[in-house]
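Below you'll find the structure, written out as structure tokens, and then a few comments.
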Amino acid sequence: MSSPASFLDQLFDRFGQALQPPGWVVEEMQRRVVLMLNHVLQQEPEAQARLKRQSGRVVEAHWRHFNVRLQATPAGLLDLAPLTQLPDLQLTLTDESPFALAQSALRGEKPAVRIAGDVQLAAEVQWLVDHVRWDLEEDLSRVIGDAPAHTIGQATRRMADAVRQFVARGPAAPSTPATPAASPAPGQAGG
């Protein structure tokens, strides 16, 4: 008997193969990803300086039938790389299960990646992965103000922590019962 996760992986495979989006949709989605990545990079001068040193270099990333080719620009940002240019670095996620990837991400683990190509470029990409973070709360504060953005940020962190704890506990671990309220000691009057 297969597990629910393997059943969902098989369903994801079938769904992914049956519903291949047209090329223009894929390219538009990749452009949106590049815009978001550049937004985050613009908040990190050190990241931009590191990418400037890699100007013109191409990183190709693969997972299942998805791939994207990114090129470092002279401004220290990213752009989609031309298909005619060979990649300097290839990164392939080795775990094909979307659910296993989600679980490892929730545990704060990095996915297993097969790396081929330029070692120095790989080191720069690793530095970016380790040090660049999107400050969602800061972006929200520009739109809705500091106090509401901080409240949303706190709620999001609490939800993420709860999900991480649930994942860390695993399916076999029993949930912890609620602690009963302490009763007054003998000889003391209650409440």
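Cα gyration tensor of region 8-133, axes a ≥ b ≥ c as square roots of the eigenvalues: rounded (a/c below 1.5), prolate (a/b > b/c) or oblate? Here region 8-133 falls in the prolate category. With K and R counted +1 and D and E -1, the other residues having a Cβ less than 14 Å from that of Thr94 yield a net charge of 0. Among the GluC sites (Glu not before Pro) found in region 90-142, those both in a DSSP coil and sparsely packed, with 16 or fewer other Cβ atoms within 10 Å of their Cβ, are Glu96, Glu109. Treating r as the C-beta distance of Val26 and Asp161 and R0 as 25 Å, the FRET efficiency rounds to 0.15.
Rounded to the nearest 20 debye, the dipole size of region 8-133 about its Cα centre is 160 debye, using +1 on the Cβ of Lys and Arg and -1 on the Cβ of Asp and Glu. Between the beta carbons of Leu83 and Arg114, assuming R0 = 25 Å, the FRET efficiency works out to 0.70 to the nearest 0.05.
The string of couplings for region 70-83 from the Karplus curve (6.51, -1.76, 1.60, θ = phi - 60°) is 10, 10, 6, 9, x, 7, x, 10, 10, 9, 5, 7, x, 5 Hz, one whole number per residue in order, with x for Gly and Pro. With a cut-off of 15 Å between beta carbons, the residues surrounding Gln154 carry a summed charge of -3, where Lys and Arg count +1 and Asp and Glu -1. Extension gain, Thr151 to Leu101, is 15.1 nm, computed as 0.36 nm per intervening residue step minus the present C-alpha separation. Charge tally around Leu128: other residues with Cβ under 10 Å, Lys/Arg +1 each, Asp/Glu -1 each, net -3.
For Ala81, the residues whose modelled amide H falls within less than 5 Å of its own, excluding neighbours fewer than 5 places apart on the same chain, are Arg69, Leu70, Gln71.
Each reported figure results from applying straightforward, stated rules to the coordinates on display, with no laboratory input. This one's a predicted model, so the numbers in the text were calculated from it and none came from an experiment. Cβ sites come from the backbone with ideal geometry, for glycine too, and all protein chains shown count toward neighbours.
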